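Visitor: What follows is a single structure, and I will ask about it in a moment.
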Amino acid sequence: MKQTYVGGCHCGAVRYEATLDLSQGTIRCNCTICRKARAWLASVDTDDFRLLSAEEALGDYRFGPGNVHHRFCKTCGIKSFARVSRPDGTGFFVVVVSCLENVADAELAALPVMYLDGRNDNFAAPPLHTAHL
């Protein structure tokens, strides 16, 4: 069932609401930025994401094809969400699960995780090192 969560950065300058169903699964990607940041993500439809803070509080980092806008707080540096743009003009958001403030630890521990092979741009199959998980 979808629920609205509040999320944001460490210092509170970046705040958002995201309505999603965490029981539908979360994402761990092995691309270079996700791996270094130890990102644990959940996908959010564009209509279900609301930025509550001023756009001016956010920095934007893109690399490679530039279709993912990794948004971060200009004050504390925490990356709490990203906006993904598809070539067809559609898109979605991903939120960093650990930046959602109203999720109980027991709920986090029970969340299903889907592994993505972003390092090899192979999103149809999990990375080989997760095949046994």
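The values are calculated or read from the model by the stated rules, or taken from the named source; none is laboratory data. Since the structure is predicted, the reported quantities are computational estimates derived from the model, not experimental observations. Note that each Cβ is placed from the backbone with ideal geometry, even for glycine, and that neighbours are counted across all protein chains shown.
Visitor: With respect to Leu52, is the statement that it is among the aliphatic types (A, V, I, L, M) and buried (at least 16 other Cβ atoms within 10 Å of the Cβ) true?
Guide: Spelling it out, it is not the case that Leu52 is among the aliphatic types (A, V, I, L, M) and buried (at least 16 other Cβ atoms within 10 Å of the Cβ).
Visitor: Something else now. Taking Ala18 as the residue in question, decide whether it is out of contact with any helix residue (DSSP H, G or I) (no Cβ under 8 Å at 6 or more places or on another chain) and among the hydrophobic types (A, V, I, L, M, F, W, C).
Guide: Against the criterion (out of contact with any helix residue (DSSP H, G or I) (no Cβ under 8 Å at 6 or more places or on another chain) and among the hydrophobic types (A, V, I, L, M, F, W, C)), Ala18 does not qualify.
Visitor: Test Thr90 against the stated conditions and say whether it is farther than 15 Å from Gly7 by Cα, modelled with pLDDT of 90 or more and within 15 Å of the chain's Cα centre (by Cα).
Guide: Answer is no for this residue.
Visitor: A further question follows. Return the residue satisfying two criteria in turn: it lies in region 56-96 and is among the small types (Gly, Ala, Ser) and outside any strand (DSSP E or B), and of such residues it is surrounded by the most Cβ atoms within 10 Å (Cβ to Cβ). Walk me through it before giving the result.
Guide: From region 56-96, those among the small types (Gly, Ala, Ser) are 57, 59, 64, 66, 77, 80, 82, 85, 89, 91; that's our starting set.
The next check asks that each one be outside any strand (DSSP E or B); those that pass are 57, 64, 66, 77, 89.
Numbers: Ala57: 19, Gly64: 11, Gly66: 9, Gly77: 11, Gly89: 6.
If we take residues in region 56-96 being among the small types (Gly, Ala, Ser) and outside any strand (DSSP E or B), then Ala57 is surrounded by the most Cβ atoms within 10 Å (Cβ to Cβ).
Visitor: Would you please list the contacts, defined by Cβ atoms under 6 Å and residues six or more apart or on different chains, that run from a residue in region 51-69 that is more than 12 Å from Tyr16 (Cα to Cα) to a residue that is of a type in the set (Phe, Trp, Tyr) and surrounded by 11 or more Cβ atoms within 10 Å (Cβ to Cβ)?
Guide: Gly59/Phe72
Visitor: Whether any residue in region 38-47 is of a type in the set (A, V, I, L, M, F, W, C), in contact with a Lys or Arg (Cβ under 7 Å, 6 or more places away or on another chain) and over 24 Å from Ala109 (Cα atoms) is what I want to check.
Guide: no
Visitor: A further question on this structure: Of Lys79, Lys74, which residue is of a type in the set (Lys, Arg) and touching a His at 6+ places or on another chain (Cβ under 8 Å)?
Guide: Lys79 is the lone residue from the list that is of a type in the set (Lys, Arg) and touching a His at 6+ places or on another chain (Cβ under 8 Å).
Visitor: Oh, and also: Quick check on my filter: what residues within region 1-52 are in a loop (DSSP other than H, G, I, E, B), within 14 Å of Phe81 (Cα to Cα) and of a type in the set (A, V, I, L, M, F, W, C)?
Guide: Scanning region 1-52 gives Cys9, Ala13, Val14, Ala39, Trp40, Leu52.
Visitor: Do you know which of the residues in region 104-133 that are at pLDDT 65 or above and small (Gly, Ala, Ser) is nearest to Leu22 (Cα to Cα)?
Guide: So the residue we want is Ala110.
Visitor: Just the residues that are modelled with pLDDT of 95 or more and surrounded by fewer than 20 Cβ atoms within 10 Å (Cβ to Cβ), please, taken from region 27-42.
Guide: Selection gives nothing.
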